[in-house]
Amino acid sequence: MKGSTLAMNKNKFVYAAFLAIAFAATFSACKDKRSTGLEYARNMYDPIAYNPDQPNKNFKDGKTAQLPPANTKPVGFEEYDKYPNTLEGYNEAGVKMVNPLPVDSTNLAQGKHSFVVFCAPCHGEKGDGQGHLVKIEKFSGVPAYQTGASSRGGNMVDLTAGKIYHTITYGVNNMGSHASQISPTDRWKVVMYVQQLQKGQ
């Protein structure tokens, strides 16, 4: 009996304490209507850095977004101005550019992966010009690497590494440039894989 009374008193005390805390929290929340309550880790969502479009007193022109210094290049940037996006540049690249990567199973596997991701939707996984975008009639006239004719003259099977690289970089006809999606090194791996498809492998 004594134990049950003690337990009841303990429960009443816990219940009363809970009510007191709930009342205090409610009262303090209603006290100042402008208060948003406690903030946790404010610096997680208030940026310390300037946004690019914000005024910035640290620069003479008052702008945050600044032009890069003259004659500088972004990290990982590879200049490709030597072969311009013209028929002459395409033909010159076809003669002078050579794949610097060794033909091995690793490079071919990585080239195949990039090809399947970026090229196969139009060119087809076998390079037959029958990708799923062609099959649902989004695009037409995608040539097969083994039997098709190039829109710039000659047969697709005869395209050199430099011509393939140039086309990946700049695009042609309905095919847009893939320079922003595929790094220069990975472009050479795709070239390597496309040359395997040209052979029907």
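Every read-out reported here was derived from the displayed coordinates using simple, explicitly stated rules and does not represent laboratory data. Fair warning: this is a prediction, and the values are worked out from it, not measured in the lab. For neighbour counting, all protein chains shown are included, and Cβ atoms are generated from backbone atoms with ideal geometry for every residue, glycine included.
On C-alpha positions alone, give me the angle between the axis of helix 161-170 and the longest principal axis of the chain, in degrees, nearest 10.
In the chain, helix 161-170 runs at an angle near 50 degrees to the longest axis.
Normalised by the residues of the chain, what does the relative contact order come to in percent, with Cα pairs under 8 Å and at least six apart?
18 percent
Subtracting the Cα-Cα distance from 0.36 nm times the residue separation, let me have the gained length for Q66 to Y40 in nm, one decimal.
The span from Q66 to Y40 would gain 6.0 nm if fully extended.
Please give the peptides 94-103, 137-146, 10-19 ranked by average Cβ packing (other Cβ atoms within 10 Å per residue), highest first, as a rough proxy for protection. Walk me through the numbers on the way to the answer.
Details: 94-103: 13.5, 137-146: 15.0, 10-19: 10.0.
Descending packing order for the listed peptides: 137-146, 94-103, 10-19.
Among D186, D46, D158, which one shows the highest mean-square fluctuation when the chain is modelled as a Gaussian network with alpha-carbon springs under 10 Å?
Checking each option, the largest mean-square fluctuation is seen for D46.
Under 28 Å Cα-Cα from K138, which lysines qualify once same-chain neighbours fewer than 8 residues away are excluded?
By straight Cα distance, K138 reaches K112, K126, K163, K189, K199.
What number comes out for the charge environment of A120, summing +1 per Lys or Arg and -1 per Asp or Glu over other residues with Cβ under 13 Å away?
After counting each charged neighbour, the total is +1.
Counting only other residues whose beta carbon sits under 15 Å from that of Q110, what net charge do I get with K and R as +1, D and E as -1?
+1
How high is the FRET efficiency between K96 and Q146 when r is their beta carbon distance and R₀ equals 25 Å, given to the nearest 0.05?
Values: r = 25 Å, r/R0 = 1.02.
Here the calculated transfer efficiency is 0.50.
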